[in-house]
Amino acid sequence: MTEDSVIKANLAHQRAMPLTRLLDCGMDPGDARRLHARISEGEPWDAVAETIATERLQQADRAEAEGNIVTAGEARQRGIAALVYAQMAFNFDEPRKVALYRRLVAACRKLTPVFGLPFERVETGYSGKSLIGWLVRPASGSANGTVILFGGQSGWGIAYLPIARELARRGLATLLAEGPGQGETRIEQGLYLQAGVEAAYSRWVDVILDDPSLGAPGIWGNSYGGLWAARTAGSDSRIRACCVNGSFAHPAILPFRTAFEQSAAMIGTEDRAMIEAVMEKLRFDPARDRIACPLLVLHGGADPLVALEDQQPFLDAATGEAALRVWPDGEHTIYNHSLERTALVGDWFAARLDRSA
């Protein structure tokens, strides 16, 4: 890349991944500020983020070798968060992104013995291939319920590990799911987003219900993931509670290059007509799609992508309990109030998935 193209790309990354988002997904505050400072000086985003990850993962290895398990777990989580953002510099599955994502997965595997909570990689069959996820349980191993948690076009699986820790404190397990078009499910299994994506997420419901120690299933989708969560909750009566956080009910290709590339990568084609056809089939229509389980919709008043009216169809589809929580200054998926957001949603799921309820 030329110097000008690096600067242009860095500015785009900085808009898409502000400090609030970096912190939301677990980056160390000093690391996040260092990343933004160094890319402002012209260093490539992915190279700086990977360098930070390497430092943190080496710190974790040293701590683990010395028997400092808590420090090892914390450092490894910070390294993982840096790798999450390193691979986000690329929208398509080019060799550099694939290499970074595989390094991310390897770091997650090494986190398992030092995480402090039961933590494992899980797979389930779908369409002749495998869906990939990470399961985090409460310290006891037994959960009052399990939340299927996921993002949209760029926030996947392990990016939500900090939320999983908070849900575990409330007695809930979390299945950090990578659906069709996301993460390993896309990169390694070749499964792309298509109409009927709710059938894929229902496979995770099967996984939860096949294990009595996981309790009742809930579902929480962030960004475009909220649309898939709503569609799944509307089609699968086994789901006990659904949270939609900052999603379009009527998906479309947003008018900037990154959005087109992310949509193309998720769906597996750069043909605009084909992408639009898939998105049309994924529309959520309250005249047809109904949600019977308790529903919580989150909205940020300062979200530059999703307006409140874009989420109204989810509320219109509710046939039972439904609630809307708005942060007037909230960014997309409420990055800038992440602790309050996670506490609110965690308490909400805990009350609705409680085994004794």
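If you filter the range 39-65 down to residues that are more than 22 Å from residue 99 (Cα to Cα) and charged (D, E, K, R), you find that the one that is surrounded by the fewest Cβ atoms within 10 Å (Cβ to Cβ) is 41. In the set (1) over 22 Å from residue 101 (Cα atoms); (2) surrounded by fewer than 19 Cβ atoms within 10 Å (Cβ to Cβ), the condition left unmet by residue 192 is number (1).
Go through the range 1-42 and tell me which helices (runs of 4 or more DSSP H), entirely inside it, have 2 or more residues that are in contact with a Ser or Thr (Cβ under 9 Å, 6 or more places away or on another chain) and of a type outside the set (A, V, I, L, M, F, W, C).
On the way: elements: 3-16, 19-24, 29-40.
Hits in the range 1-42: 3-16, 19-24.
For residue 167, the conditions (1) over 19 Å from residue 242 (Cβ atoms); (2) open to solvent by less than 30 Å² (accessible area, probe 1.4 Å) are fulfilled apart from (1).
Looking at 168, 195, which is the one that is in a loop (DSSP other than H, G, I, E, B), more than 24 Å from residue 320 (Cβ to Cβ) and not charged (D, E, K, R)? Before you say what the answer is, go through the steps one by one.
On the way: 168 fails: in a loop (DSSP other than H, G, I, E, B).
Of the residues listed, the single one that is in a loop (DSSP other than H, G, I, E, B), more than 24 Å from residue 320 (Cβ to Cβ) and not charged (D, E, K, R) is 195.
A count restricted to the range 7-33 and to residues that are among the basic types (Lys, Arg) and buried (at least 16 other Cβ atoms within 10 Å of the Cβ) stands at 1.
Take residue 319 and decide whether it is without any contact (Cβ under 8 Å) to a residue 40 or more places away in the chain and hydroxyl-bearing (Ser, Thr, Tyr). Considered against the rule, which asks whether it is without any contact (Cβ under 8 Å) to a residue 40 or more places away in the chain and hydroxyl-bearing (Ser, Thr, Tyr), residue 319 comes out as yes. Among the listed residues 92, 119, which satisfies the condition of being over 23 Å from residue 164 (Cα atoms) and in contact (Cβ under 8 Å) with a residue 12 or more places away in the chain? Matching residue, one of 92, 119: 92.
The values are calculated or read from the model by the stated rules, or taken from the named source; none is laboratory data. Predicted model only: the values in this text are computed from it and were never measured. Virtual Cβ from ideal backbone geometry, glycine too; neighbours counted across all protein chains shown. Heads up: the accessible areas ignore ligands, DNA and RNA and are worked out on the full protein's heavy atoms, side chains in. Shrake-Rupley method; radii C 1.70, N 1.55, O 1.52, S 1.80 Å.
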